[in-house]
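What follows is a short report on a single structure.
Taken together, the values in this text are just the output of simple stated rules run on the coordinates, not laboratory data. Note that this is a predicted model, so its numbers are computed, not measured. All Cβ positions, glycine included, derive from the backbone under ideal geometry; neighbour counts span all protein chains shown.
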Amino acid sequence: MKCVICKTGETQPGSATVTLHQGETTVVVKGVPAEVCDTCGEYYLEEQVAQKLYAQAQEAAKRNVEVEILRYAA
């Protein structure tokens, strides 16, 4: 698909590092499957992947974690 940010690149299957903030908690997840723009690097997540990441951020916030770094696991 054409990138909606740079409007010139095409997305390709790849992986991204996603950073999420929930209150005072920051969660960094590496190796997240995504469609990545070959020009600007913008990434796009499938809905089910995004929902899983949001749930992980919420769980970390409930545990009062300040910073958590994870590797994505399907």
May I ask you to compute the full-extension gain from Val67 to Gln51, defined as 0.36 nm times their residue separation minus their alpha-carbon distance, rounded to one decimal in nm? 3.8 nm
What is the dipole size for the chain, taken about its Cα centre, with +1 at each Lys and Arg Cβ and -1 at each Asp and Glu Cβ, in debye to the nearest 20? 100 debye
Sparse-neighbourhood loop hits (trypsin sites (Lys or Arg not before Pro), the range 1-57; DSSP loop; Cβ within 10 Å at most 14 others) -> Lys7
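Over the chain, what is the relative contact order in percent, taking alpha-carbon pairs closer than 8 angstrom and at least six residues apart? Walk me through the numbers before you get to the answer.
Working: 130 pairs, mean separation 24.7, N = 74.
Relative contact order here is 33 percent.
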